[in-house]
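Taken together, the values in this text are just the output of simple stated rules run on the coordinates, not laboratory data. Note that the structure is a prediction, hence the values are computed from the model and not measured. With ideal geometry, Cβ positions are generated from the backbone for all residues, glycine too; neighbour counts draw on all protein chains shown.
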Amino acid sequence: MTEAHVLPALDCHAHIAPDVTQLQLASLGEAHIFAVTRSLGEASHVARRHDPVLTWGIGVHPGVATSRSAYDADRFRALLPNFALVGEVGLDRRAARDEQTRIFTDILDACRGLPVLISVHSTGRTAEVTDLVERYRHPGMILHWFLGTHDQRERALAAGSYFSTNNAMSDTILQAVPMNRMLPETDFPARQVQTPLPGAIVPLEQRLSRLWGVSVVAVRHQLWTNLKTIAIASGAIDTFSEELADRLLAI
């Protein structure tokens, strides 16, 4: 059994440059980062990388026009087997709904039955995202920085979704997410002032310690346990790196 205090920091949604060097990664220490991408071009660039401290994702960010315009369903499906993580994908208020919905539903359809985690963006489109999460139920669904209503959150929970949360979110939102459905994130570099590096989740852990009434060590263990649970339920643990899978199985 792995002791909680030896578990490294865990960051389930951060943006890392596809050409990040090993020297730069060394600055993260032992933190494990789920590195989402914004486009199929970025995903193609990292598809063959093996970085022990990173789990790379294949993403099409809904708020980035060039990513949407370059989306190709066949290319996505050809790249998908290289990844245990799909993200960042979803819907965003900054663009027309129809194009985004077409891309997102195609991605969700491609992920049916596959052993992946899916990191979902929902800024300004939480109602539509909740509808699609219910329709395309997947045991690896993680709603990133979700700011939906109580009803939307409850529907997403009922559909089996997890929530990745960060230190920029309010105590009210953090308290609304069940302890066993929460995963930590920084969304680096979206909040560089609060998260100077990917994996800088200690401030979030300290807040959760206060809100949950448990030690910081217990918080980190809970968050890793949640990742283990969703990884097993989705089958993604079988496609994770050997390093990450072994760490999870030792918890």
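Can you say whether A17 is surrounded by fewer than 17 Cβ atoms within 10 Å (Cβ to Cβ) and within 22 Å of W145 (Cα to Cα), as far as the supplied structure shows? Can you show your working first?
Values: surrounded by fewer than 17 Cβ atoms within 10 Å (Cβ to Cβ): yes; within 22 Å of W145 (Cα to Cα): yes.
So A17 fits the description; yes.
For residues in segment 42-71 being hydroxyl-bearing (S, T, Y) and farther than 17 Å from L117 by Cβ, which is surrounded by the fewest Cβ atoms within 10 Å (Cβ to Cβ)? First the steps, then the outcome.
From segment 42-71, those hydroxyl-bearing (S, T, Y) are 44, 55, 66-67, 69, 71; that's our starting set.
Still in the list and also farther than 17 Å from L117 by Cβ: 44, 66-67, 69, 71.
Numbers: S44: 16, T66: 11, S67: 21, S69: 9, Y71: 17.
So, considering only residues that are hydroxyl-bearing (S, T, Y) and farther than 17 Å from L117 by Cβ, the one surrounded by the fewest Cβ atoms within 10 Å (Cβ to Cβ) is S69.
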(request) Report yes if R75 is touching a residue at least 24 places away in the same chain (Cβ under 8 Å), in contact with a helix residue (DSSP H, G or I) (Cβ under 6 Å, 6 or more places away or on another chain) and closer than 21 Å to A110 by Cα, otherwise no. (result) yes
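For the structure I just gave you, tell me whether A200 is aliphatic (A, V, I, L, M), closer than 17 Å to T123 by Cα and in contact (Cβ under 8 Å) with a residue 60 or more places away in the chain.
On the way: aliphatic (A, V, I, L, M): yes; closer than 17 Å to T123 by Cα: no; in contact (Cβ under 8 Å) with a residue 60 or more places away in the chain: yes.
Criteria not met by A200.
Yes or no, residue by residue, for (1) buried (at least 17 other Cβ atoms within 10 Å of the Cβ); (2) more than 19 Å from I58 (Cβ to Cβ); (3) of a type outside the set (A, V, I, L, M):
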| position | (1), (2), (3) |
| --- | --- |
| V86 | yes, no, no |
| G90 | yes, no, yes |
| A96 | no, yes, no |
| S122 | yes, no, yes |
| L132 | yes, no, no |
| L143 | yes, no, no |
(request) Could you please tell me which pairs satisfy a Cβ distance under 7 Å, a separation of 6+ or placement on different chains, a first residue in segment 222-241 that is within 21 Å of T165 (Cβ to Cβ), and a second residue that is of a type outside the set (K, R) and in a helix (DSSP H, G or I)? (result) Q222/M179; N226/N180; L227/L248; K228/L248; A231/I237; A231/L248
(request) Identify the residue in segment 222-251 that is more than 18 Å from the chain's Cα centre (by Cα) and not charged (D, E, K, R) and, among all such residues, is nearest to M182 (Cα to Cα). (result) I251
